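Peer 1: My questions all concern the structure below.
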C-alpha cells in the first residue's frame, strides 16, 4: 500500500464523516479505551453501584359481568 492509497483513503473518510464528526471521535475513542482498560484491571471502586429497579406492579381490570347472568337478572327484576 503506497502513500497515495492512504491519502485517498483519508480524503474519502473526511468527505464521508466530515471534520466535525472526526474531531469528536478522538475523545470518545480515548474514553472507550480507558473504560475497557479499567474493566480489564478489575478496578470497580469508581463504578457507582446501581440499585435494582423496583418490580413493576401490574393491575388488571375487574372481570366483566357475564352477559347471560346479566340478562337473567334483568328478566327477574322486571317481573
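Peer 1: Please determine, by comparing only the residues of the range 1-23 that are modelled with pLDDT under 85 and either part of a helix (DSSP H, G or I) or surrounded by 10 or more Cβ atoms within 10 Å (Cβ to Cβ) (or both), which one is nearest to the chain's Cα centre (by Cα). Give the derivation first.
Peer 2: Start the filter on the range 1-23 by keeping residues that are modelled with pLDDT under 85, which leaves 1, 17-23.
Still in the list and also either part of a helix (DSSP H, G or I) or surrounded by 10 or more Cβ atoms within 10 Å (Cβ to Cβ) (or both): 17-23.
On the way: 17: 24, 18: 27, 19: 28, 20: 25, 21: 22, 22: 24, 23: 25 Å.
Restricting to residues being modelled with pLDDT under 85 and either part of a helix (DSSP H, G or I) or surrounded by 10 or more Cβ atoms within 10 Å (Cβ to Cβ) (or both), the top hit is 21.
Peer 1: Kindly establish whether residue 61 is surrounded by fewer than 10 Cβ atoms within 10 Å (Cβ to Cβ), in contact with a helix residue (DSSP H, G or I) (Cβ under 9 Å, 6 or more places away or on another chain) and either at pLDDT below 90 or assigned to a helix (DSSP H, G or I) (or both). It would help to see each step written out before you state the result.
Peer 2: Details: surrounded by fewer than 10 Cβ atoms within 10 Å (Cβ to Cβ): yes; in contact with a helix residue (DSSP H, G or I) (Cβ under 9 Å, 6 or more places away or on another chain): no; either at pLDDT below 90 or assigned to a helix (DSSP H, G or I) (or both): yes.
No, not satisfied.
The values are calculated or read from the model by the stated rules, or taken from the named source; none is laboratory data. Worth saying up front: this structure is predicted, and the values here are computed from it rather than measured. Neighbour counts are summed over all protein chains in view; Cβ atoms, including those assigned to glycine, are modelled from backbone coordinates with ideal geometry.
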